[in-house]
Amino acid sequence: MPKLFSILDKKILKQVQKSETELNNFLTNHWKYIFPDFLFIKNEFRLDGNVRSDESSGRIDIFAFNPKTNKFVVFELKKEFDKNVSQQASDYKDFVEDNFAEIYIETTQKFGINLPGYNEIIKDQIEVVLIAQKFTQTHISSAKKRNNITLIKYFWFEDDLFLVDYINNDPDEEEKQNTEKIK
């Protein structure tokens, strides 16, 4: 378990527990600092119809766009680990792919998001970002085999300090790898 030491207070800071709603609000309010490479579209993005495998509607916790890959991104947040998080995100991903035209129109017209042209966006490879306090080794192994699923662990400490730990697809590491390839 990560520990965070405060030089200023001369102590190890305690981890604090926050709700999934607080996590969503925190990420949304600090989006441009935590996820500068993604264009924020909407939190609690409602999907109507047979979205989930149980044929119910759903809400994407945070819906975004990746301008580098020209793909939509589904962010699914969990306070702690949830064994069904992958299935839930997969249901949302599949729904966005199957209803791409409607999602594109809603994003650009209803929410006024400036996106590339319809034919410039990759429609059948929606990216998924799962954020939770922990993941099983099965989730980690599976995500590392796929380039379109990113796992991020988070830790919240007193004094509103927030630690983000990319399990895979860390954008900072990708830049370093690309730099090394160029060299």
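Remind me, relative contact order of the chain in percent, using alpha carbon pairs under 8 angstrom and six or more residues apart?
Working: 263 pairs, mean separation 32.9, N = 183.
For the chain, the relative contact order is 18 percent.
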Under 17 Å from a label point 7 Å along Cα→Cβ of N50: give me every residue in region 92-119 with its amide N that close. 92-100
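Take the Cβ-Cβ distance between I121 and K145 as r, set R0 to 30 Å, and report the resulting FRET efficiency rounded to the nearest 0.05. Walk me through the intermediate numbers first.
Details: r = 25 Å, r/R0 = 0.82.
For I121 and K145, the calculated efficiency is 0.75.
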How are the C-alpha pair distances of region 132-174 spread across 10 Å bins, as whole percents from the shortest bin up? 26, 49, 20, 4
Label-point gap, in nm, between Q87 and T69 - each point 7 angstrom along Cα→Cβ: 2.4 nm
Along the three principal axes, how long is region 1-86 when you take its alpha carbons, biggest first, rounded to the nearest angstrom? 53, 31, 19
P(r) of the chain over all Cα-Cα pairs, 5 Å bins starting at 0, rounded to whole percent, reads 1, 7, 15, 19, 19, 16, 11, 6, 3, 2, 0, 0
Taking a cut-off of 18 Å between Cα atoms, list the lysines near K83, but don't count ones fewer than 8 places away on the same chain. K93, K134, K144, K153
If you take the beta carbon distance between N114 and W31 as r and set R0 to 25 Å, what does 1/(1 + (r/R0)^6) give as a FRET efficiency, to the nearest 0.05? 0.95
Pick from Q137, Q87, Q125: which residue has the top mean-square fluctuation in a GNM of the chain where Cα pairs under 10 Å get a spring? Q137
When the label point is put 7 Å from the Cα of L163 along its Cα-to-beta-carbon vector, which residues of region 13-30 have a backbone N closer than 17 Å? 13-18
When we measure straight from the Cα of K42, which aspartates and glutamates land under 13 angstrom away, once same-chain ones fewer than 8 places off are left out? D61, E76, E106
Report the residue, chosen from E97, E44, E173, that carries the largest GNM mean-square fluctuation when the chain is represented by alpha-carbon nodes joined by springs under 10 Å. E173
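Read the figures in this text as sums done on the coordinates, not as results from a lab. The shown structure was predicted, so the numbers you read here are calculated from the model rather than taken from an experiment. Positions of Cβ are generated from backbone atoms using ideal geometry, with glycine treated the same way; all protein chains shown enter the neighbour counts.
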